Amino acid sequence: MLSSRYSGRRTSLLYKAIQMFLLRYLEKTMCSSRQETSTSISNITMHLIGSEGLKRKMIGFMNRTTREHLRWKASEGAFNLRHAVSTLIVSYITPQMISNLKPETEAKLIDNFMAFNIEWFQSPFALSTWKNLFKVLRARKEAAKIINVALERRKDSILEKQGDFLDTLLEEMKKEGSIFDQASIVNLLLNIGVVSRDTTSHATALTVDFISKNPRVLTELQREHEAIVQKRDDKEAGLSWEEYKDCMPFTRMVIYESLRLANLGTIIFRKAVKDVVIKGKLEVKRYTIPAGWIVAVAPSVVHYNAEIYENPLEFNPWRWEGKDLRSPGSKTLMVFGGGARQCVGSDLARLHLAIFLHHFVTTYDFSVVQECEIYRVPFPCFTKDLHINISPKSPS
């Protein structure tokens, strides 16, 4: 359930300030204030989670890991979908970042990624807040230690390259004038491990919640994905890149509508490099944003605007029918930001949702045990998580 309710303690100014500080901290550790540095980091990160990296290496591993995790969850009974998807995402992205870790070391790194999040804060007066903060800081320290050890071993190794993202970063670090040193590589790997799972797991849980309340949408999704499976020679194969791009127009509509309503992009900060004149509704009224000012853009103002979207709070994938959905953003859809500095994880998020839905609707029946409720401060916070049961479909 989407809600605008604000309850006292959680919506205090202090709570919002600390949460926003953490989000900005994560962004700042990944991106320098210099445009060229930010662009360089984005370009390097695209080797891992850009469309070419996903097509070449990630999609197969994402399919296998998703299938394994859903099979595991089907044997467990009711489970928290958002938490399960967080574990799923970290489980398939961690080996792609550092591929030659011992199983026990990889499991420990995944546990530390899972422990570092922005949900620890409840109240400055609650003892649990400071206990949780200590756990978060300890998890970050432990994760950084594991990455540092792996990096040192890789630097000193004379063995063949592993072909993972750490190799890419080490090659970049050796280049003359590189912006990377060992500390910045560790920070980037830490941030990818943490940031990649949070918003995408929120979006996945909300998408399933929307689908559960719209049987017509679920039926159309099942029809589309079962048609994909029937055309394959190998019925057990996972979703291919060609199928993802060419054979699932309705799924793409569902993903865009879910992302619009989930509205995971909270506030986008931009700096006016010159005076910007904005026309008001009345022709005679104009507004000027002076050069040098910082502008905070709230995407929800656009995503819930009734002048742009008819019945904006309604989940209606068919509103996207006939529209070009190849671009991740526009002036009327800013889920991944806008302009030249869009979120580098946009391709990963959309591919993840497509793969998850593919295995989810073709292999399992599901029932909702607990509906989810969220509120915004301004980013979505779950007051109640979505809990579901899944069971393998009976052979037709």
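The values are calculated or read from the model by the stated rules, or taken from the named source; none is laboratory data. Keep in mind the model is a prediction, meaning the values are calculated, not measured. Neighbour counts are summed over all protein chains in view; Cβ atoms, including those assigned to glycine, are modelled from backbone coordinates with ideal geometry. Ligands, DNA and RNA are excluded from the accessible area calculation, which covers all protein heavy atoms including side chains. Shrake-Rupley method; radii C 1.70, N 1.55, O 1.52, S 1.80 Å.
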Inset, instruction - Enter the accessible area per residue of the range 161-313 (Å², integer; probe 1.4 Å; all protein chains in place). - result: 52 Å²
Legend entry - the range 297-311 versus the range 202-225: alpha-carbon centroid distance in Å: 22 Å
Inset, instruction - Using R₀ = 22 Å, calculate the FRET efficiency as 1/(1 + (r/R₀)^6) where r is the Cβ-Cβ separation of E104 and Q162; round to 0.05. - result: 0.75
Inset, instruction - Place the peptides 306-317, 204-215, 180-191, 230-241 in order of packing, highest mean first, counting for every residue the other Cβ atoms within 10 Å and averaging per peptide. - result: 204-215, 180-191, 306-317, 230-241
Legend entry - For the range 99-113, 3J(HN,Hα) per residue [Karplus equation, 6.51 cos²θ - 1.76 cosθ + 1.60, θ = phi - 60°, Hz, x = Gly/Pro]: 9, 10, 6, 5, x, 5, 6, 4, 4, 5, 5, 4, 4, 5, 4
Legend entry - Label-to-label distance, nm, for residues given as E176 and I289 (7 Å Cα→Cβ offset): 4.0 nm
Inset, instruction - Return the tail of the calculated pair distribution for the range 210-255, meaning the percent of Cα-Cα pairs more than 11 Å apart. - result: 68 percent
Legend entry - Under the Karplus curve 6.51 cos²θ - 1.76 cosθ + 1.60, θ = phi - 60°, whole-Hz ³J(HN,Hα) for the range 74-82, x wherever Gly or Pro sits: 5, 8, 9, x, 4, 8, 7, 5, 4
Legend entry - Under Karplus coefficients 6.51, -1.76 and 1.60, residue-wise ³J(HN,Hα) of the range 233-241 in Hz, glycine/proline x: 6, 9, 5, 8, 5, x, 5, 8, 5
Inset, instruction - Give, as a single signed number, the net charge of other residues whose beta carbon lies under 15 Å from the beta carbon of E220, with Lys and Arg counted +1 and Asp and Glu -1. - result: +1
Legend entry - Straight-distance crosslink candidates among lysines, where the alpha carbon sits under 16 Å from K323 and sequence neighbours closer than 8 are dropped: K245, K331
Inset, instruction - For D111 paired with R216, estimate the spin-label separation in nm (one decimal), with each label point 7 Å from Cα along the Cα-to-Cβ line. - result: 4.9 nm
Inset, instruction - Grab the Cα-Cα distance for L133 and E226, subtract it from 0.36 nm times how many residues apart they are, and report the gain in nm with one decimal. - result: 28.9 nm
Legend entry - At R0 = 22 Å, FRET efficiency that the Cβ-Cβ distance of K155 and E52 yields, to 0.05: 0.25
Inset, instruction - Please work out the FRET efficiency for the pair N305 and K384, using the Cβ-Cβ distance as r and a Förster radius of 25 Å; give the result to the nearest 0.05. - result: 0.35
Inset, instruction - Please list the non-local residues whose amide H lies under 5 Å from the amide H of T383, H modeled 1.01 Å from N, same-chain partners needing a gap of 5 or more. - result: E373, I374, Y375
